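The structure appears below as structure tokens.
The values are calculated or read from the model by the stated rules, or taken from the named source; none is laboratory data. Note that the structure is predicted; figures quoted are calculated from it, not measured. Here the Cβ positions follow ideal geometry from the backbone for every residue, glycine too, while neighbour counts run over all protein chains shown. Side chains included, ligands, DNA and RNA excluded: accessible areas come from the protein's heavy atoms. Shrake-Rupley method; radii C 1.70, N 1.55, O 1.52, S 1.80 Å.
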Amino acid sequence: MIIEPGELLAKINSPADLRQLSEDQLQQVCQELRQFIIDNVSIYGGHFGASLGVVEMTVALHYVFNTPYDQLVWDVGHQAYGHKILTGRRDNFHTNRKLNGISGFPKRKESEYDAFGVGHSSTSISAALGMAVASQYKKEYDRHHIAVIGDGSMTAGMAFEALNHGGASDADLLVVLNDNCMSIDPNVGALKEYLTDITTSRTYNKVRDEIWNILGKISKFGPNAQQILAKVESGIKATLLKQSNLFESLNFRYFGPIDGHDVNHLALVLKDLKKIPGPKILHCVTVKGKGFALAEKEQTKWHAPGLFDKVTGEIYKVHHTTPQPPKYQDVFGHTLLEMAEKNEKIMGVTPAMPSGSSMNIMMAAMPDRALDVGIAEQHAVTFSAGLATQGLVPFCNIYSSFMQRGYDQVVHDVCLQNLHVVFCLDRAGFAGADGQTHHGSYDIAYMRCIPNMVVSSPMNEQELRNLMYTASQDGMGPFTIRYPRGEGVMPEWRTPLELIEVGKGRVIQEGEEVAILTIGHIGNYAVDVCKNLRMDGLRPGHYDMRFAKPLDEKMLHHIFQKYDKVLTVEDGCLQGGFGSAVLEFMADHGYNAQVKRLGIPDMIVEHGSQMELHRLCGFDLDGIERTVRELMDVTVRV
């Protein structure tokens, strides 16, 4: 089903078309753009609330600035759906996040209007500043550079690093702060409180509006009047807010706060800001989910709701007649609380993903022991290390892809000091429709090379519980548990907690000729493969290794002594991953088997469903069975 755009939106194939419209038509464009997003996401899915909240901002930015020559950088990208629709991707927007369709995030190779590829937060100011300095160097003095960043993304250290650098330059950089008090979950921290103080100070806003009006009236007398009044306004901010303005103390000209849903006023302000050189910040107050009442009311729920009825607001869910396996993240959340109730040392830490990681379960029950530290992965890791130095056992839950951002801290602050921090890496392996920026492809490789680190992955919910319980025990050091996005395989998953010997795998079945070695949830494919092969009289062995580090060397000696053909399967990168660890063992001990590795190849894998991407990379059920048959030199069934 192709969604028909409104009358004006149907004529906009690029921002140049938008700029042909009168300012009086901008509100209608916003209404049509918002409706087009609602219509599409309700049917095809995707991120929802963030893009609805910046419709007017998106229209105003493309209306005022000469994109793509003027470079517009979106932070994270959840908010960029309107941008994509206005920049030539309206007619194939229904393919958003689908295999071979457009990406859910800005992507340089997809469009010249996507000035910078994003997916992780807090990169926009650094990138736009780099572009601005490059334009200075190339003497492109008529070129503007705009970073649109949410207030949630401003909590990351990288954003402050960029502000610190940008304020010391004279680069033409405009930072548009989209202030809606949300990332995915509600924002936390002192910055949120600071922005709230600014936006809710009635006295300051009244005086600011009066100054703005006076400024417009007397600006005809020359630029000196503007400069004087700008200084006066800065003083009023400091006096009325009882603190100096954070951004102006970093040498950014601060403007706002203004209504981020008044498209005509936004356009007017942006036109004025184009004339002001140097680093500046425009503070826009918006509502996440604007224009869809339920999304405005329950912003976390409607961040990415799935398919829904746009009239009633009913979110469609599949109803099963039998009990279904839970999501791994929920098993983590409930198990962590269960363990914390019995072990007062256990703490929970998450960088701004309490609902995504299910840390919110413990946060609701034990708010003093489960902490959201904001979008700040580096801080989350070292904060956890600090907890560990005091005898506590922090469970630091970070998406595998986001863990990359705290890698130096894992090495320097946790592993070199051999501190007892448990890293629970959610979304390990293919993340699905979120695509290349969110795939957890590399964690086995980057974790197993660090001294003192244990690297493990459960094949099912029971194994996840037992690994968490094992990792919580006294005497442990750094411990990684990786698990995928989505459901497990055990409807009855609340099994008794049991200790696992670190570095010990499981024999799923002994066999003949070929040994299948798996790690993690992907091993369930191998179970089904072995069932299929048994119907043809074939009996490969299957071993759930559990640990990429330390390896179960006793089991591996048995395997290489018994089998001359070995297949490793992992939902992670082949370079340096689990299969590489097995090859290293084979070489170190003088074995000479034929080893075939299945996993994520040395390429950037784009978006699609997890099953589609497993198939694409050859380690879905059919790919594993085909490879085993090839190793056994038997006919592959069609």
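Would you work out if the range 425-464 is rounded, prolate or oblate? Take a ≥ b ≥ c from the square roots of the eigenvalues of the alpha-carbon gyration tensor; rounded if a/c is under 1.5, else prolate when a/b is larger than b/c, oblate otherwise.
Oblate, since a/c reaches 1.5 and b/c is not below a/b.
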### Message
For the range 35-193, give me the percentage of DSSP beta bridges that are antiparallel, rounded to the nearest 5 percent.
### Response
10
### Summary
Karplus-derived 3J(HN,Hα) from phi for the range 410-425 (6.51 cos²θ - 1.76 cosθ + 1.60, θ = phi - 60°), whole Hz, x at Gly and Pro, runs 4, 5, 6, 9, 10, 6, 5, 9, 6, 8, 7, 10, 9, 9, 9, 9
### Task
Could you give the size of the charge dipole of the chain about its Cα centre, using +1 on the Cβ of each K and R and -1 on the Cβ of each D and E, expressed in debye and rounded to the nearest 20?
920
### Summary
The percentage of the accessible area of the range 514-578 (probe 1.4 Å, all protein chains present) made up of carbon and sulfur atoms, to the nearest whole number, is 50
### Query
Excluding Lys596 itself, what net charge comes from residues whose Cβ is under 10 Å from its Cβ, given Lys and Arg +1 and Asp and Glu -1?
+1
### Summary
Interchain or sequence-distant (5+) residues whose placed amide H lies within less than 5 Å of the amide H of Arg482 are Leu425, Ser456, Ser457
### Query
Under a 1.4 Å probe, what is the accessible area of the chain per residue, stated in Å²?
41
### Task
Name the long-range amide H neighbours of Met347: under 5 Å, sequence gap of 5 or more, or other chain; modelled H, no Pro or chain starts.
Val393, Phe395
### Query
Once the convex hull of the C-alpha atoms of the range 541-591 is built, how many Å³ does it hold per residue, rounded to a whole number?
81
### Query
Projected onto the charge dipole of the range 294-410 (+1 at Lys/Arg Cβ, -1 at Asp/Glu Cβ, origin at the Cα centre), which of Ser401, Val373, Thr322 gives the Cα projection farthest towards the positive end?
Thr322
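How much length is gained on full extension from Glu7 to Asn532, taking 0.36 nm per residue of separation minus their Cα-Cα distance?
Computed gain between Glu7 and Asn532 is 183.4 nm.
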### Query
How far apart, in nm, are the 7 Å Cα→Cβ label points at His265 and Ser169?
3.2
## Note on the structure
Within the chain, the percent of DSSP beta bridges that are antiparallel, given to the nearest 5, stands at 15
### Query
Helix 223-240 versus the longest principal axis of the chain: what angle, 0 to 90°, nearest 10, using Cα atoms?
60
### Message
Give me the tail of P(r) for the range 518-638 as a percent: Cα-Cα pairs with distance above 26 Å.
### Response
18
### Query
Which net charge results when you count Lys and Arg as +1 and Asp and Glu as -1 among the other residues whose beta-carbon is under 10 Å from that of Ser111?
+2
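Let me make sure I get this right: for the range 1-118, a, b and c are the square roots of the gyration tensor eigenvalues over alpha carbons, sorted descending. Under 1.5 in a/c it's rounded, otherwise prolate if a/b > b/c, else oblate. Which is it?
Here the range 1-118 falls in the oblate category.
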### Message
Using the Cα centre of the chain as origin and beta-carbon charges of +1 (Lys, Arg) and -1 (Asp, Glu), tell me which of Val76, Asn343, Ser358 is placed farthest towards the positive end of the dipole.
### Response
Val76
### Query
Which residues' amide hydrogens lie under 5 Å from the amide hydrogen of Met490, considering only partners 5 or more residues apart or on another chain, with H built in the peptide plane?
Glu461
### Message
Just to make sure I understand: if all protein chains stay in place, what is the order of Thr389, Thr382 by accessible area at 1.4 Å, largest first?
### Response
Thr389, Thr382
#### Entry: Estimated vicinal HN-Hα couplings, Hz - the range 268-276 in sequence order (Karplus 6.51, -1.76, 1.60; Gly, Pro = x)
4, 5, 5, 4, 5, 5, 4, 8, 9
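May I ask you to compute the full-extension gain from Ala587 to Arg615, defined as 0.36 nm times their residue separation minus their alpha-carbon distance, rounded to one decimal in nm?
So the chain would gain 7.1 nm between Ala587 and Arg615.
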### Stretchable slack from Asn66 to Lys297, in nm (0.36 nm times residue separation minus alpha-carbon distance)
79.6 nm
## Note on the structure
Karplus-derived 3J(HN,Hα) from phi for the range 479-487 (6.51 cos²θ - 1.76 cosθ + 1.60, θ = phi - 60°), whole Hz, x at Gly and Pro, runs 9, 10, 10, 10, 8, x, 6, x, 7
### Query
Which order, highest average first, do 43-54, 545-556, 586-597 follow once you tally other Cβ atoms within 10 Å for each residue and take the mean per peptide?
43-54, 545-556, 586-597
### Query
If you wrap the chain's Cα atoms in a convex hull and average its projection over all directions, what's the area in nm²?
31.5
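For His94 and Lys274, what is the calculated FRET efficiency with R₀ set at 22 Å and r taken between the beta-carbons, to the nearest 0.05?
0.05
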### Task
Using only Cα atoms, locate the centre of the range 325-377 and the centre of the range 9-81, then give the distance between them in Å, rounded to an integer.
36
### Mean Cβ count within 10 Å, highest first, over the residues of peptides 21-28, 573-580, 58-65, 160-167
58-65, 573-580, 160-167, 21-28
### Query
Between the helical axis of 377-389 and the dominant principal axis of the chain, each derived from Cα atoms, what acute angle in degrees is found, rounded to the nearest 10?
60
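Kindly provide the helix-only [θ] at 222 nm of the chain, computed as the sum of -39,500 (n - 2.57) over DSSP H runs of four or more divided by all residues, to the nearest 500 deg cm²/dmol?
The helix-only estimate for the chain comes to -11000 deg cm²/dmol at 222 nm.
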### Task
Sort out for me the Cα centre separation of the range 267-307 from the range 594-638, rounded to whole Å.
43
